[in-house]
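This report refers to the structure that appears directly beneath it.
The values are calculated or read from the model by the stated rules, or taken from the named source; none is laboratory data. Small disclaimer: the values here were computed from a predicted structure and weren't measured. Glycine also receives a Cβ, built like all others from the backbone with ideal geometry; neighbour counts cover every protein chain displayed.
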Amino acid sequence: MKATKKILCVVLSVLMVLACAPFAMAAENEPFRISCTVNGSMQTQRGLTWFTNVDTASVVVYSDGTNELTAEGTSMEWEGNFVHKVLLTDLTPGATYTYKVGNGTVWSEEGTFTTDDGDDQVEFIVVADIQASSVENFEVGANVLNKALGMYPETDLVVNLGDFTNDSTNEEWDFYDYALADINRSTTLAPIAGNHDGLGVWHWFNNMFNLDVSGSVQTLNGVNYSFDYGNVHCAVLNTNDLLSMSEAQLKWLKNDMNSTACDWKMVFMHKSPYTLGKDGKWPDALYLKDALVPVLDECNVDIVMSGHDHMYLRTKSLYGDAVAENGDGTVYVLAGTAGSKRYEIRDFLKEHFMPVSYIDTCVVQKDGYGNYFNGTDFDSVDENNIGGIFNSISVSGGTLVLNSYVVSDATDEVKCIDTMTITKEVGQNIPSFDGDNGTSEFEYAMNTPISLAKLAFYALTEWLFKFLLMVPDLIRVYSETGTF
């Protein structure tokens with residue numbers, strides 16, 4: 001009888017542990033952390049990645065509803081698990097595919113993606129900075145994305161502007177997978193490296209996703225790449241590159257933008273040159289205004305989407321670091337955070353690094369604030385602004401529409417916080433570059449001292465002077481609000 005009670009206690013204890021665990025460990029050979037990503041042509045290719053806890057074959061079975069095909073790839077050990085990558089090629093434009101990944105015997109649940117049909121109708125969902133450490137906070141981000149996909153079920157692409165996790169550990173990536181696995185299997189992702197995905201956690205980003213690295217200037221702390229979707233050309237930048245942006249990557253961007261025949265040009269990156277968040281006072285992000293903005297101006301980029309500062313902010317159309325008189329410049333958007341870690345406005349940044357006259361819309365998501373810019377000040381408050389944010393970019397012919405939404409923490413309702421429309425005459429863009437846009441390791445190494453010297457020169461001659469002028473305001477705000 002005592003033995004029976006002991007066995008029963010052990011069984012009940014195990015069941016309680018399993019019930020309380022946020023997720024179950026993957027069985028041997030079972031795929032986890034599955035993602036389908038941009039990789040080359042959006043009409044004919046996709047990159048698939050997954051992990052297993054033992055080394056196995058890397059096999060994908062996929063079908064367009066008529067033909068069932070098989071592709072194989074490679075695997076390598078990474079941080080105690082094995083990462084598998086397979087590149088699907090020769091896909092049919094405009095077709096919906098189902099797929100499963102595994103070793104030929106043990107398979108994942110089914111995933112789906114749809115290839116670009118090449119028309120001029122494009123729709124993206126853009127989020128940033130889930131940056132969670134717990135299952136509960138990852139689920140906040142998952143809820144925001146589910147709301148976005150519910151509102152835009154035909155979206156072509158989910159763009160994540162970086163900081164997927166807080167510390168880029170196995171535990172956090174497993175929490176991320178637990179919360180977002182269904183979403184990641186049913187969408188195509190364009191991932192961007194955040195500082196929490198790259199700086200100090202070398203190679204994590206490149207190993208988490210299957211991306212086209214052929215044009216990337218380096219892959220230690222992120223990847224820069226580009227792709228076309230319909231009549232939209234997108235460049236993804238790595239703002240961890242030498243803490244900010246290397247000369248090699250700036251050269252790559254200029255050549256990349258000048259090589260496309262697409263009329264619409266977008267840039268996705270993590271850090272932003274225009275912000276009122278807490279990171280807007282440091283030289284790594286602000287150097288982008290000095291180094292990157294002139295390239296964006298020269299290449300006629302329409303819109304730049306970024307994260308890093310965990311609030312929503314959209315500028316007016318800017319050119320030459322000033323408001324464009326005819327509106328024919330670049331719009332910069334801080335995409336807000338889809339997660340629960342949120343920042344308030346840093347008042348001491350106003351006019352020192354971010355002129356208020358540049359701002360069209362600004363919304364603070366943080367509990368206890370909920371401020372928004374009313375055109376004059378940031379003192380207006382709406383508690384319905386407190387929540388996670390997602391953005392939709394839709395392009396139809398010569399019209400681009402940005403809609404941004406907050407998912408209320410209190411009510412779980414979706415509220416539109418911003419909308420913007422850009423129009424242009426299409427069919428006018430003519431490529432001006434048709435050469436090799438690769439960067440050799442030697443070329444990157446030779447450019448590194450120049451890149452670091454330019455960042456240091458900016459910090460010492462321009463940033464430091466403005467920072468010192470800002471210090472009295474910084475002290476005043478800190479004494480009043482406790483924010484730095």
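Things worth noting here:
- Meets criteria (surrounded by 24 or more Cβ atoms within 10 Å (Cβ to Cβ), in contact with a strand residue (DSSP E or B) (Cβ under 8 Å, 6 or more places away or on another chain) and at positive phi) for Gly230: no
- Residues in the stretch 278-299 that are surrounded by fewer than 24 Cβ atoms within 10 Å (Cβ to Cβ) and touching a residue at least 60 places away in the same chain (Cβ under 8 Å): Lys278, Lys281, Pro283, Asp284, Asp290, Ala291.
- Single unsatisfied condition, Asn206 versus (1) closer than 21 Å to Met76 by Cβ; (2) surrounded by fewer than 20 Cβ atoms within 10 Å (Cβ to Cβ); (3) free of Cβ contacts under 8 Å to residues at least 40 places away in the same chain: (2)
- Scanning the stretch 46-68 for residues that are in a loop (DSSP other than H, G, I, E, B) and touching a strand residue (DSSP E or B) at 6+ places or on another chain (Cβ under 9 Å), we see that the one that is nearest to Tyr229 (Cα to Cα) is Asp64.
- Among residues of the stretch 74-94 that are assigned by TED's automatic domain parsing to the domain that holds Trp204, none has a Cβ under 8 angstrom from a residue that is of a type in the set (Asp, Glu) and at pLDDT 95 or above at a sequence gap of 6+ or on a separate chain.
- Condition check for Ser408: under 30 Å from Glu139 (Cα atoms) and of a type outside the set (A, V, I, L, M): yes
- Some residue of the stretch 314-336 being exposed (fewer than 15 other Cβ atoms within 10 Å of the Cβ), within 25 Å of Glu480 (Cα to Cα) and among the charged types (D, E, K, R): no
- Residues of the stretch 449-484 that are exposed (fewer than 15 other Cβ atoms within 10 Å of the Cβ) and either in contact with a Pro (Cβ under 7 Å, 6 or more places away or on another chain) or closer than 20 Å to Gln249 by Cβ (or both): Pro449, Ile450, Ala453, Ala456, Phe457.
- Pick from the stretch 81-112, criterion of a type in the set (Ser, Thr, Tyr) and assigned to a strand (DSSP E or B), ranking: surrounded by the fewest Cβ atoms within 10 Å (Cβ to Cβ): Thr96
- Within the stretch 277-295, tally of residues that are closer than 14 Å to Leu318 by Cα, not in a helix (DSSP H, G or I) and not aliphatic (A, V, I, L, M): 0
- Odd one out for Asp309 among (1) assigned to a loop (DSSP other than H, G, I, E, B); (2) out of contact with any Asp or Glu (no Cβ under 8 Å at 6 or more places or on another chain): (2)
- Residues (surrounded by fewer than 18 Cβ atoms within 10 Å (Cβ to Cβ) and over 23 Å from Val122 (Cα atoms)) located in the stretch 52-70: Asn53, Val54, Asp55, Ala57, Val61, Ser63, Gly65, Thr66, Asn67, Glu68, Leu69, Thr70
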